[in-house]
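The values are calculated or read from the model by the stated rules, or taken from the named source; none is laboratory data. Nothing here was measured: the structure is a model prediction, and the numbers come from that model. Note that each Cβ is placed from the backbone with ideal geometry, even for glycine, and that neighbours are counted across all protein chains shown.
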Amino acid sequence: MSQKYVLHYFNGRGRGELIRLMFVISKTKYEDHRVEFKDWPAFKSKTPNGTLPCLEIDDKLYGQSLALVRFLAKEFSLYGTDNVSQMVVDECMYNVTDLRKVLIDAVFEQDEAKKAEQLKKIKEDALPQFMKRTEEIFKSYGSGGFLVGSKCTAADLALFDIVDGLDSKMKDGLTKKIKEHMAMIGAIKEIKQWLEERPKTEF
């Protein structure tokens, strides 16, 4: 008997989109419950940690986005073939998490001068560092265009997701390898269909 999955997240991409991509590429049925901001205060107390995303598996709720990603990566064979490859997949996901944090901090900065400075620093420092390490991982652990090993893993989906969310100015500075990776992952049948059909949201 197959498990029943319900993803609970806001009506946006954010930290929930990687989980959605994992369901999509694995062709696994799930319910995509999008919590509207007006409903969040009432729903918050039901979540394990008072945060989203959380994942409902057979009517039980589990929290912490990276824990959910690791679980699904193992369930859907998106986590590498040995301990070393799984460690590198984890590193890639933590690198994405670090980059996402500075991006979110900049987006929600109210002071326009500070926001401009933060975005400048991301473009000149955080993003180049992220790309440099990503290129090293491609070279050391990847094959056939994938980040770790010779087939798609959660690392590839995490990279695709964070880059997909960058604005056009940030994307202009991407390396050739990362642009090629974006095109390759975006062309996967299930991913391509999801990108065409997913709800249009503000974030």
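Brief remarks follow.
- Among all positions in region 132-146, there is at least one residue which is of a type outside the set (D, E, K, R), over 16 Å from the mean Cα position of the chain (by Cα) and on the phi > 0 side of the Ramachandran plot.
- Of the residues D105, D90, D111, D125, the single one that is without any contact (Cβ under 8 Å) to a residue 40 or more places away in the chain, outside the structural domain of Y9 (by TED's automatic domain parsing), farther than 18 Å from F203 by Cα and surrounded by 13 or more Cβ atoms within 10 Å (Cβ to Cβ) is D90.
- Y5 under 14 Å from the mean Cα position of the chain (by Cα), in contact (Cβ under 8 Å) with a residue 12 or more places away in the chain and farther than 21 Å from D156 by Cα: no
- Residue within region 166-174 that is outside any helix (DSSP H, G or I), touching a residue at least 12 places away in the same chain (Cβ under 8 Å) and closer than 19 Å to A73 by Cα present: no
- Answer residue from region 40-87, given it is among the aromatic types (F, W, Y) and more than 16 Å from I19 (Cβ to Cβ) and is surrounded by the most Cβ atoms within 10 Å (Cβ to Cβ) among those: F43
- Of the criteria (1) more than 17 Å from the chain's Cα centre (by Cα); (2) of a type in the set (D, E, K, R); (3) closer than 20 Å to G165 by Cα, which one D98 fails: (1)
- Across region 1-21, the qualifying residues are those that are of a type in the set (A, V, I, L, M) and over 20 Å from L166 (Cα atoms), and the one among them that is surrounded by the most Cβ atoms within 10 Å (Cβ to Cβ) is L7.
- Meets criteria (among the β-branched types (V, I, T), more than 20 Å from N95 (Cα to Cα) and not in a loop (DSSP other than H, G, I, E, B)) for I178: no
- Residue match in region 43-61 (condition: assigned to a helix (DSSP H, G or I), over 24 Å from V163 (Cβ atoms) and at pLDDT 95 or above): yes
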